[in-house]
Every structure is written in structure tokens, then in C-alpha cells.
Amino acid sequence: MAGCARAQNGFGHDPADRSPAVNVRLTVALVFAACGTLGGCGGVQSALAPHGEHASLVAGLSWTMFIGAALIALAVAGLTLYAMFGPPERRARFLDRKLIIGGGIVFPTATLSALLVYSLLLTQRIVPDPAGENTLRIEVVGEQWWWRVHYLGAEGERAFATANEIRIPTGRLVEFILTTADVIHSFWVPGLAGKLDMIPGHVNTLRLKADKTGVLRGQCAEYCGGAHALMALMTVVDTPEEYADWFDRQREPAGEPNEAPLVRGRDLFLASGCGGCHTIRGIGADGVIGPDLTHVGSRRTIGAGLLPVTANAMADWIASPDHFKPEVRMPPFGGLEADDLDALAAYLESLK
Ligand code: CUA
């Protein structure tokens, strides 16, 4: 009515005239919103972009639940609208007792029971094979707010340590041995498996097998203090050959720097006391408080997924890590001369 009045008064357009255009715009906006939402179904950190058998089962279960719920929601909405606006003589059918019992009790009971049985059977299949001789075993320790990673050798000994990045090969059973150094964290690489808590005084194990190469992002999934949201874990799934090469390289100590600025960087690392917290195998730095940096230059990120591995980013991080990660345990080294900072960063970046 208001629209009609305005049109008659000569003010603007009648909203009714614009409604097709508005409808189109609304539809486009809804489609974009849906695309944005579904965009989360792909990418590096999505349970709906599985890289392994277990993640595929979880993704299948999620899709079944989602599609089923959407269909039922649509049906209920349709019936509700029909009950409200349908022809009166037909609407009366909704009063039928059989329909109420069938749609209100029998249908939900049957559907939910079927889903329960389906998910229980599926969950049983998610329980992986027992660990065997060829199982790759990796210890992951949650720390505030980063991930300490130990790769275990054939005898169960610690072969080498890394941090905030995990590499695994396709086609091989991997057992993650999950613990924590402080509070509860939760190990979660959505593309590989469901999440599993890391609990003080307790060891949890997660076994899985990846079947597709790629780079995945994991994230701590349990609130563990101030920088919880900045506790990411890169996971690279390699072919078995690439993985074997990587494993052999990681076992090696850090290479000897072969250029003057890098030598200076190494000397600064030792002289500045960095070795009190960090290990670099081969140069006599054996601190265990912070991440092992022996091959830090070969990783994809520093700061647990925060910054790329470039000399500039390293320098920024060393000068003021708390700028990037509030409450971080590493103190800022802003007192270093710019030249020294650059040499130190260049050295670390060279540790491939
Ligand atoms: Cu660690 Cu949240």
C-alpha cells in the first residue's frame, strides 16, 4: 500500500516495479553466500577435502548427514507453508492422526535409528589397522603455542626433531603419539582425520594412512591459552620417494655455512644465546625449550604457521615475536643491530 501511495505521489518507483531486479540481486547474493560457504569444503584445512581413507569416511558421513538434514528441512518447510497457505479443504488433511503419528513419531524414530546404525558401523571402520613393523611413528608434543615433533627410528629411538611441520608419505600407516608439555591441546589435521586431544600425563595415539599427496593445514582444536588460534601445524603428504629423501636430509646435522654473512649469522646465533633455547645439530646449540631449528629453512612456515620462511620474515620474528604472537614465550631480540639481525636471519633461512 505504501508503495502504491508513493507511486501515485510521484515519489520514486513502486517497489513492485523493482521486485524482479531485487529478486535477481537477492538470488545472486544468496548464490555468492552459498559459494562462500561451500568454498570452505575445499582447501588446505577442510574435513571435506580428505587426503586419506579415514578422512574420506568422515567426509562421507558429513555429506550424508548434511544432505539428509537439508532434504528434511526443505520438506518440513514446504509442508509448513502448505499448511499455512494451501487450499483450506486440502489443509484439513494435516489433521489426520495417522499423518501426525507417522510424520511426527515413526519417521524421525526410523530415520534417526538408521543414521545411528550407519554412523556406528562407519565409526568401526575408522578404527585403523594395528601398528606393525612398517608403521611410521611420530611423536607430537603440544606446547604453548607450537608443536614439537620427534620422528622415531626403526628401534623406536628418536631420529630427529622438527617443529610445526609434519611430513608423511602416502600409502604407509602412520602412528601419531600425542602428548602435551603443559595444558590440553588438540591435534587436528582435518584433511587426514578427526581431532584427538593431547592431555597432560596421558598418551593418545592416532593412526591413519594418507592416500593423496598435498599440503594440509592443521590447527590446535582445544583452547589452550592466549595464542591458541595461532597454533597451526603444516602437514605435507609426499610420495614415498620424496618422503625418504626428506627423512634422510632431516637426519643430517646442519650444513656448514659457506659464505661470510652466513658464518657471521651462525656465530651471532651462538653468541646471542639462541642456543640456550634452540637446538641446531652440528654447531653445538642444544637448547630444548623452543623449536629445533636444525633445518628450519626447509619448512614452509615459522611461528607455527604464522610467517613464511624468508630472511625478512625471520628477522621480523626475531626482533619482535610477540608482535606476531601475543604472549609467545620467546623474548624479543630488538636490541640487535640491523646488520646482525639480517645475518642471523639469513643463516637460519639457509638451514635447508
Ligand atoms: Cu594448543 Cu589450542
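Quick notes on this one:
- Of residues in the stretch 112-157 being surrounded by 13 or more Cβ atoms within 10 Å (Cβ to Cβ) and polar (S, T, N, Q), the one nearest to the chain's Cα centre (by Cα): 144
- Restricting 191, 201 to those that are more than 13 Å from the ligand (Cβ to nearest atom) and either touching a Ser or Thr at 6+ places or on another chain (Cβ under 6 Å) or within 25 Å of residue 132 (Cβ to Cβ) (or both) reduces the list to 191.
- All positions within the stretch 166-188 that are within 16 Å of the ligand (Cβ to nearest atom) and charged (D, E, K, R): 182
- Counting only residues that are farther than 20 Å from residue 111 by Cβ and either outside any helix (DSSP H, G or I) or not basic (Lys, Arg) (or both), the stretch 60-93 holds 10 of them.
Listed here are the residues, each with its yes/no results for (1) of a type in the set (Lys, Arg); (2) at pLDDT 95 or above; (3) closer than 17 Å to residue 135 by Cβ; (4) more than 12 Å from the chain's Cα centre (by Cα).
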residue	(1), (2), (3), (4)
208	no, no, yes, yes
229	no, yes, no, no
232	no, yes, no, no
237	no, yes, yes, yes
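To keep it simple, each residue is scored yes or no on (1) under 20 Å from residue 162 (Cα atoms); (2) aromatic (Phe, Trp, Tyr).
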residue	(1), (2)
321	yes, no
326	no, no
333	no, yes
340	no, no
351	yes, no
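- Pairs meeting the criteria (first residue in the stretch 134-157 and more than 15 Å from residue 172 (Cβ to Cβ) and in contact (Cβ under 8 Å) with a residue 24 or more places away in the chain, second residue assigned to a strand (DSSP E or B) and more than 16 Å from the ligand (Cβ to nearest atom), beta carbons under 6 Å, at least 6 apart or on different chains) are 139/150; 139/177.
Matching residues to (1) farther than 25 Å from residue 143 by Cα; (2) away from the ligand (no atom under 16 Å from the Cβ); (3) surrounded by fewer than 16 Cβ atoms within 10 Å (Cβ to Cβ):
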residue: 208; (1), (2), (3): no, yes, no
residue: 230; (1), (2), (3): no, no, no
residue: 234; (1), (2), (3): no, no, no
residue: 258; (1), (2), (3): yes, yes, yes
residue: 279; (1), (2), (3): no, yes, no
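- Within the stretch 210-227, considering residues that are among the aliphatic types (A, V, I, L, M) and within 16 Å of the ligand (Cβ to nearest atom), the one farthest from the chain's Cα centre (by Cα): 227
The values are calculated or read from the model by the stated rules, or taken from the named source; none is laboratory data. It should be emphasised that the depicted structure is a prediction, and the values quoted were computed from it without experimental measurement. Neighbour counts are summed over all protein chains in view; Cβ atoms, including those assigned to glycine, are modelled from backbone coordinates with ideal geometry.
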